[in-house]
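Reviewing the structure listed below.
The values are calculated or read from the model by the stated rules, or taken from the named source; none is laboratory data. Since we're looking at a predicted model, the values are computed, not measured. Neighbour counts are summed over all protein chains in view; Cβ atoms, including those assigned to glycine, are modelled from backbone coordinates with ideal geometry.
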Amino acid sequence: MFHYGRDNGVLISIENLSETADDFASVLESIPDLGITLDVGHGQLLTQTNTSFGIMDKLMGSIKHLHFHDNRGGQGVKDDLHLPIGDGIVDFKGILKTLLQKGSSHTLTLELENKDLIESRAKVKALIDDIVTS
């Protein structure tokens, strides 16, 4: 049962909302084939410091995919605004720098309205280029 995804060629992952690395550790230990979809926008909710940093620090090997969208922090689902990159307070430069330093080559989904995709993609690319060249 715990190898269903691997046996069928499907990646199965759990996405963070307000969870920290410690919340995921025992689950990942129990189900080794389970991955994490790191949602950096969700990581900004219910906290002052984005929980993505702790997840990247402690569970980088389990991260299989990334979701990017911005928000202004907040206390719950109503604050999960899915704003364009740069329109909120998520530290995308810090998150991208950490991912790159740790050798990340994960796929990334921009969870945004269609009208915001091109500009937000360009902002992410510019941040990556800035990190790589500095």
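Scan the helices (runs of 4 or more DSSP H) fully inside the range 1-59 and keep the ones with 3 or more residues being β-branched (Val, Ile, Thr), over 27 Å from residue 97 (Cα atoms) and touching a helix residue (DSSP H, G or I) at 6+ places or on another chain (Cβ under 7 Å). It would help to see each step written out before you state the result.
Details: elements: 4-7, 21-30, 52-59.
So the answer is none; nothing clears 3.
Condition (residue is on the phi > 0 side of the Ramachandran plot and either within 14 Å of the chain's Cα centre (by Cα) or not polar (S, T, N, Q) (or both)) applied to the range 57-65: is it met by at least one residue? No, the range 57-65 contains no residue that is on the phi > 0 side of the Ramachandran plot and either within 14 Å of the chain's Cα centre (by Cα) or not polar (S, T, N, Q) (or both).
With respect to the conditions (1) in a loop (DSSP other than H, G, I, E, B); (2) modelled with pLDDT of 95 or more, residue 95 lacks only one, and its number is (1).
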